[in-house]
Amino acid sequence: MHRQIITDPQSGEKICKCFKRCGGCQLQETYAEQLSRKQDKADRMLSKFAPVQPIIGMAKPYHYRNKVQNIYGTDKNRQIISGIYQSTGQKMVTVDDCMLEDVHAAPIVQTVKKLMRDMKIAPYDLRTGTGLLRHTLIRTSAATDEIMLVLVTASSMLPSKNNFVKALIKTHPELTTIVQNICPDGLPLTLGTRSVTLYGNGRIEDVLCGCRFRISPASFYQVNPQQTERLYSCAIKFARITEGVTVIDAYCGTGTIGMIAAKAGADVTGVEQNRAAVRDAVYNAKRNGLTNIRFYQDDAGAFMQKLAADRAHCDVLMMDPPRAGASPAFIRSAGKLKPDRIVYVSCKIETLERDLMLLKKEGYRVTKIQPVDMFPHTTGIETVCLLER
Ligand code: SAH
């Protein structure tokens, strides 16, 4: 195992030797400098709409990632190595300790490598299409202490499967579930449609803002739980939820934001494209004893068009689209639906700027902008905006 992280004795800040080669971090400067860089960018791009609040940073911006993905390969001595993709291209950088990842992940990856060697399980080679293990995905919850390991394999055959699982559990009793996901083709780091639970119940649960959420291997779930609580609290505050307010939670994932609004008394409709996430959302609503929330599996734009055509009533539209932002159809339908407030949670400031312009044309005014640092050491900026008619 190679130690790659050093702590600067003066500032106490961590420095990683893989920086630049590895695709994990994009910023190597003090955390205060990172926050000021992000604030400047948010000001530059968004202050034309409304004043930008000071970015909410982390007290300890390390080991925040609850989702850790690793790829595997062999070095010139035919030893199994693990790492992540380079910032450019699809080559692997050997990474054994990472300052972004939850500290539980690295020891599990070390054991996976050892067991691959012992049980002759070859890493999958993207170029030749040979080998078995494509990547591993580890999801953790600090709130419940549950840890899931997903072994993503190119075929369903896993030699010495029972011994592999037994040895993993023996070395890592902290693992609560192990899943094999079969992914014969597709892009690197994607999951296949078929999963087999090898140990435990195939899912973990996490707690955010007092609600409990089940997470399946393929569901989207925010990767920085500490900052997610701050982000969601801000979104709920902007939404001004009172008893009986009608809310649409668009791009709802496992139903997190909508469920917190429902707990505060709102009547919520969630829409999400990913089938596994919707299944989790339905389960999560029951798990939290909420009957004032329902979910639909659909394209958010198409769903909004239907609601607009039906002249449905909506007080608050909460939207949290992927990086590409919302579709033109979604924005137009939001304009027709005329919610009093729109709370836009964005993970990409460029598409946020574009969509805010479009929503302005639909008759909305941006009244609050709050950036939250969800991804320290990367260039990503998460922002919550309130728009009012
Ligand atoms: N609000 C959730 C998820 C946000 S991520 C949370 O905070 O956890 C964005 C989500 O949008 C993902 O779950 C993704 O599957 C979903 N998504 C992407 N494109 C979509 C579309 N066209 N229609 C509906 N959902 C979509």
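The values are calculated or read from the model by the stated rules, or taken from the named source; none is laboratory data. The structure presented is a predicted model; accordingly, all values stated were derived computationally and were not measured. Note: ideal-geometry Cβ built from the backbone for every residue, glycine included; neighbour counts use all protein chains shown. Calculation scope for accessible area: heavy atoms of the full protein, side chains included, ligands and nucleic acids excluded. Shrake-Rupley method; radii C 1.70, N 1.55, O 1.52, S 1.80 Å.
Worth pointing out:
- Annotation: cysteines of the chain without a disulfide-compatible partner (Cβ-Cβ under 4.7 angstrom) are C16, C25, C98, C183, C209, C211, C234, C252, C314, C347, C385.
- Under 23 Å from the Cα of K114 - lysines, other chains or at least 8 residues apart: K67, K76, K91, K161, K166, K170
- Share of carbon and sulfur in the accessible heavy-atom surface of the chain [1.4 Å probe, %]: 51
- Peptides 22-34, 338-350, 57-69 ranked from most to least packed give 338-350, 57-69, 22-34, packing being the mean of other C-beta atoms within 10 angstrom over each peptide's residues.
- Rounded to the nearest 20 debye, dipole of the chain from Cβ charges on Lys, Arg, Asp, Glu: 660
- The alpha-carbon atoms of the stretch 67-206, seen along their principal axes, cover 39, 33, 28 angstrom, with the largest extent given first.
- Between the stretch 351-389 and the stretch 256-318, the alpha-carbon center distance in angstrom: 21
- Ranking by accessible area, most exposed first, for S82, S156 with a 1.4 Å probe: S156, S82
- Net charge of the neighbourhood of R240, taken over other residues with C-beta under 14 Å away and scored Lys/Arg +1, Asp/Glu -1, is 0.
- The chain: angle of helix 349-361 to the longest principal axis, Cα-based, in degrees nearest 10: 20
- Percent of alpha-carbon pairs separated by more than 20 Å within the stretch 195-274: 35
- Sum of side-chain charges, R311 neighbourhood, beta-carbon under 13 Å (Lys, Arg +1; Asp, Glu -1): +2
- Each of the peptides 256-268, 98-110 was scored by the mean count of other Cβ atoms within 10 Å over its residues; in descending order, highest first, they stand as 256-268, 98-110.
- Counting only alpha carbon atoms, the long axis of helix 328-337 and the longest principal axis of the chain meet at about 40°.
- Translational diffusion of the chain, µm² s⁻¹ [Kirkwood Rh, Cα pairs; Stokes-Einstein; 10 °C; 1.306 mPa s]: 72
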